[in-house]
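Quick note: the coordinates plus some simple rules give every number you see, no bench work behind them. Source: prediction; values computed, not measured. Neighbour counts run over all protein chains shown; Cβ positions are idealised from the backbone, glycine included.
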Amino acid sequence: MAPEQALARLAKALRLMQSASAPGQHPRAASASLARRASPFTGYDVRQFAPSPWLAADQPRWQPLSRVRAPAPVTGWLADAGSLTHRLRKLGDFRVHPLQQRIAPPTAQEARLLGLPPRRAALIREVCLHVDDVPVVYARSVLPLASLRGANRVLGHMARRSLGAELFRRPGAQRCAVWAATFPPETLPVAAGDMPAWGRQSLFRKRGQPLLVAEVFLSALWPLSDRATAP
């Protein structure tokens with residue numbers, strides 16, 4: 001798909017979102033209808049879009065990474081300034097499994113972190129990253145539509161490709177801020193084990209344009225990480 005067509009597709013989806021809610025129609029029903037029409041993942045095994053449980057009530061409560069006290073092995077992942085995709089590929093066969101994607105307003109918390117006006121739409125994408133067919137990271141990215149112009153248009157059409165790999169492609173994105181939080185496993189949209197999961201949220205700038213990427217490390221990651229660092 002040519003870049004001009006990609007941008008036109010995003011603009012059309014935004015217009016659909018603004019007009020989808022007919023009089024008397026419940027907003028959530030209109031949202032689900034739009035998701036079916038606007039999703040670029042047609043043909044993939046994708047769930048119907050709905051707000052992730054872990055975002056209910058504008059959760060989680062992200063804290064600056066410098067204020068967080070996590071176990072040493074976890075801190076090594078939270079504070080890693082490099083590409084998560086590159087690091088996961090060192091552990092085994094890496095795959096991206098799309099969960100859902102749509103154009104919609106981000107949460108109030110995400111909008112504040114991005115400096116977006118209230119209800120300003122963004123491209124929201126959720127995926128699960130697998131190593132050797134095991135889910136190890138749940139990721140949610142929020143890309144303001146204004147950030148998807150010019151050479152950044154490719155970021156809106158990743159499908160089964162890694163967003164992280166594209167972010168670190170030259171010119172590499174700048175990671176401007178990092179926050180961290182823990183998540184009860186029952187609040188995550190993917191299986192996360194029995195213990196709270198650690199995650200981080202990063203504010204990137206790619207070609208000067210902002211975007212958010214949240215990554216939650218699932219329990220299956222730690223045995224793989226330990227095995228990779230064992231003498």
Close pairs (6 angstrom Cβ cut-off, 6 or more residues apart or separate chains): free of Cβ contacts under 8 Å to residues at least 60 places away in the same chain in segment 175-190, part of a loop (DSSP other than H, G, I, E, B) anywhere: Pro184/Pro196; Pro185/Ala192; Pro185/Gly193
Number of positions in segment 69-94 that are touching a residue at least 60 places away in the same chain (Cβ under 8 Å) and among the hydroxyl-bearing types (Ser, Thr, Tyr): 2
Of all residues in segment 204-230 being under 14 Å from Pro73 (Cα atoms) and of a type in the set (Gly, Ala, Ser), the one that is surrounded by the most Cβ atoms within 10 Å (Cβ to Cβ): Ser225
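Select from segment 188-203 the residues that are touching a Ser or Thr at 6+ places or on another chain (Cβ under 9 Å) and buried (at least 17 other Cβ atoms within 10 Å of the Cβ) and list them in ascending order.
Result: Leu188, Pro189, Ala192, Ala197, Trp198, Gly199.
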Selection from segment 154-201 of residues that are farther than 18 Å from Pro71 by Cα, within 13 Å of the chain's Cα centre (by Cα) and not in a loop (DSSP other than H, G, I, E, B): Leu155, Gly156, Leu163, Gly164, Leu167
